[in-house]
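Readers should treat all values here as calculations from the given coordinates under stated rules, not as data from a laboratory. These numbers were taken from a predicted model, which means no experiment stands behind them. Note that we place each Cβ from the backbone using ideal geometry, even for glycine, and neighbour counts take in every protein chain shown.
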Amino acid sequence: MLKDDSPSVPADPTPNFTVDARESVVLSPQSPFMTAVVCIGGLLVPGLGHLLLKRWIRAALLFSSMVLMFLIGLGMQGKLQILDAGQLISFNTLQWFANVGIGIPYFVAVQMGSGTGVPTSQTFDYGWAYLLVTGLLNYLVVLDAYDIAQGRKP
Amino acid sequence: MKLSHFEALTIFAALVAVVFAITTKSTPRAQVRYGVFVFFSFLLVAIVVGWIMYPFPF
C-alpha cells in the first residue's frame with residue numbers, strides 16, 4: 001500500500017488538484033439546496049444546471065446541441081411517447097422516460113401537437129432515435145452538473 | 001425534413017460527441033480531443049457495421 005493511500009493520512013480538507021501543468025483548479029462544493037436547484041433546473045431546461053454553476057460555455061453548448069437534436073428529431077417526424085397510465089409496465093413507459101428527459105421542450109412539443117410520429121416517413125426511425133437519445137443525454141448532463149455542484153469536477 | 005442516412009448519422013455523431021466530451025472531460029483541450037475521437041468513432045463504426053451487414057439479405 002502506498003503511503004498516501006493509508007487511512008492514517010488525514011484527508012485534504014480543500015479539494016485542489018492540477019488539471020494542467022500551469023493551471024490549478026479549486027473545486028467548490030455547493031450547498032445541498034443549490035445542488036437540488038441545479039439538478040431540477042437541468043432536468044427542466046437542458047444546460048440550465050451548468051448555467052447556474054456559471055459554466056457559461058458548457059451551458060451554451062449543451063443547450064444548443066440538445067435543443068437542436070430535439071428539433072431535428074421532431075422535423076424528421078419522430079414520435080414522442082405520452083405516458084399511458086393504464087399500461088405502466090411496458091416498453092412505452094421506458095420510451096416515455098427517455099423522451100421526457102429533455103424537460104420543458106417535451107411538454108411544449110406535446111402541447112403543440114408535435115411528435116405524433118409518422119411511421120410511413122422515411123426518416124421516422126432516425127427521428128425517433130434522435131428524440132430518445134436527446135432525453136437520455138440530458139439525464140447524463142444533469143449527473144455532470146451534480147458532480148460539479150458536489151465539487152467532484154471542475 | 002429530408003436528410004440522407006449519412007447526413008443524419010453525421011449530425012447525430014457531432015451533437016452526441018459535444019455532449020459526451022463536455023460531460024466526461026474536464027479541460028477544454030481534453031474535451032476537444034475526446035469529442036473529435038467520439039465523432040469519428042461513431043462514423044467509423046457505422047460504416048464498418050454497414051459493410052458487415054451488406055452481404056446479409058435479412
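Report the net charge of residues surrounding A:C39, where surrounding means a beta-carbon distance below 13 angstrom and charges are Lys +1, Arg +1, Asp -1, Glu -1. Before the final figure, lay out each step's value.
Details: positive: none; negative: A:D144, A:D147.
Around A:C39, the surrounding residues sum to -2.
What value, in deg cm²/dmol to 500, does the helix sum -39500 (n - 2.57) over DSSP H runs of n ≥ 4 give at 222 nm once divided by the residues of chain B?
Values: 2 runs with 46 residues, N = 58.
Counting only the DSSP helices, I get -28000 deg cm²/dmol.
Mind listing the phi-derived Karplus ³J(HN,Hα) values for region A:44-49, rounded to whole Hz, using 6.51, -1.76 and 1.60 with θ = phi - 60°, and x for any glycine or proline?
In residue order, the calculated couplings are 7, 10, x, x, 5, x Hz.
Quote the Stokes-Einstein diffusion coefficient, in whole µm² s⁻¹, for region A:30-149, based on the Kirkwood radius over alpha carbon pairs, a temperature of 10 °C and a viscosity of 1.306 mPa s.
On the way: Rh = 14.6 Å.
The diffusion coefficient I find is 109 µm²/s.
Helix B:5-24: angle to the longest alpha-carbon principal axis of chain B, degrees 0 to 90, nearest 10?
Taking the Cα atoms of chain B, the angle to B:5-24 is about 30 degrees.
Would you grab the residues whose amide H sits under 5 Å from the one on A:T116? Only those 5+ places off in sequence or on another chain, please, with H modelled 1.01 Å from N.
Here the answer is A:L80, since their amide H atoms fall under 5 Å of that of A:T116.
Quick one: how many lysine pairs does the protein assembly as shown have with C-alpha atoms less than 22 Å apart and a gap of 8 or more or different chains? Give me the count, please.
4
Could you sort the peptides B:30-43, A:70-83 by per-residue average Cβ neighbour count (10 Å cutoff), highest mean leading?
In descending order of packing, they fall as A:70-83, B:30-43.
Report the label-to-label distance for A:S121 and B:F58 in nanometres (one decimal), using points 7 Å from each Cα along the Cα→Cβ vector.
Distance between the two pseudo-spin positions: 3.2 nm.
Efficiency by 1/(1 + (r/R0)^6): what FRET value for B:W51 and B:M1, r their Cβ-Cβ distance, R0 = 35 Å, to the nearest 0.05?
0.80
Gain in length, A:V110 to A:D147, computed as 0.36 nm per residue apart minus the alpha-carbon separation, to one decimal in nm?
Values: separation 37, 0.36 × 37 = 13.32 nm, distance 3.10 nm.
Extra length from A:V110 to A:D147 when fully extended: 10.2 nm.
Mind checking the angle between helix B:28-53 and chain B's longest principal axis? C-alpha axes, 0 to 90 degrees, to the nearest 10.
Approximately 10 degrees, to the nearest 10.
Tell me, how many Å apart are the Cα centres for region A:73-119 and for region B:32-58?
28 Å
So for the pair A:D84, B:T24, with labels modelled 7 Å out along Cα→Cβ, what separation do we get in nm?
Rounded to a tenth, the inter-label distance reads 3.5 nm.
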